[in-house]
Amino acid sequence: MEAGKKAAAVYAVNKFVKNGHVLGIGSGSTVVYAVERLAKRVMKEKLEVVCVPTSFQAQQLITENKLVLSDLERNPELDVAIDGADEVDANLTLIKGGGGCLTQEKIVASCAKTLVIIADDRKDSKQLGEKWSKGVPVEVVPFAYRPVMLKMEKMGLSPVLRMAKAKAGPVVTDNGNFIIDVGFSKPQDWNKLNTDLNLIPGVLETGLFVNMTNHVVFGKEDGSIATRDAR
């Protein structure tokens, strides 16, 4: 699917990035292609753009490609944010956070006038949960993770503390928190679920992005793309 990822990333950068923009740069494998394309446009077209990262990985991508690095303190309002997703439904509701950067990704997305999601078409679903089976990632303060999980279970959900693969113990986010992957057995009212989860003391943020996305670009295995815009 690398050809599809690259095609989606190149299309998004070509179409949505303009000279003078302040950009939010997301995380994940597809965004790597977007940053590479952005760097080529900056060099060739002498674009003046400023980049705000959503994660340490994104920060590294920006600096490695010699782009101008900023933050939300200096640039609290963004023109465009470009990011990936783990799943996208027919209403452009997203599940994000498979890589553990969901809180900073959501903050950056909320600061952008336009949120553009780039993904391969394996992430395209009619209903969330069709393609992404690991649940909704939720970032939680370590002190509270166990009572948070109990409250989730009482809501009829199936929370699992995400464990690290290359170290003993849980995954730790860029913010020093834990990730709980919240399984669900049937389609939900995603806006309500997002609100209910965020009301649990100890929850920092969820990986549900509801009514935030303006455009999605799906890359296909043959290198073509398909687009979907918010209604």
Which of Gly97, Gly202, Gly135 fluctuates most in a GNM of the chain (C-alpha springs under 10 Å)? That residue is Gly202
In nm, the gap between the two label points placed 7 Å beyond Cα toward Cβ at Glu48 and Thr63 is 2.5 nm
Highest mean first, what order results for 122-129, 80-87 on Cβ atoms within 10 Å?
-> 80-87, 122-129
How fast does the range 58-117 diffuse by Stokes-Einstein, in µm²/s, taking the Kirkwood radius from C-alpha pairs at 4 °C and 1.567 mPa s?
-> 102 µm²/s
Ignoring ligands and nucleic acids, Tyr11 exposes an accessible area, probe 1.4 Å, in Å² to the nearest 10, of 80 Å²
So how far apart, in nm, are the two label points at Met155 and Lys113 if each is 7 Å from Cα heading toward Cβ?
-> 3.4 nm
Grab the DSSP H runs of the chain that are 4 residues or longer, score each as -39,500 (n - 2.57), total them, divide by all residues and round the 222 nm result to the nearest 500 deg cm²/dmol.
-> -9000 deg cm²/dmol
Apportionment of accessible area to carbon and sulfur, the range 99-231, percent (1.4 Å) = 53 percent
Solvent-accessible area per residue for the chain (1.4 angstrom probe, square angstrom) | 49 Å²
Dipole moment magnitude, nearest 20 debye, the range 1-155 about Cα centre, only Lys, Arg, Asp, Glu C-beta charged = 160 debye
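The values are calculated or read from the model by the stated rules, or taken from the named source; none is laboratory data. Remember, it's a predicted structure, so these values are computed and weren't measured experimentally. In this analysis, Cβ positions are derived from the backbone assuming ideal geometry, glycine residues included, and neighbour counts consider all displayed protein chains. SASA here: full protein model, heavy atoms, side chains in, ligands and nucleic acids out. Shrake-Rupley method; radii C 1.70, N 1.55, O 1.52, S 1.80 Å.
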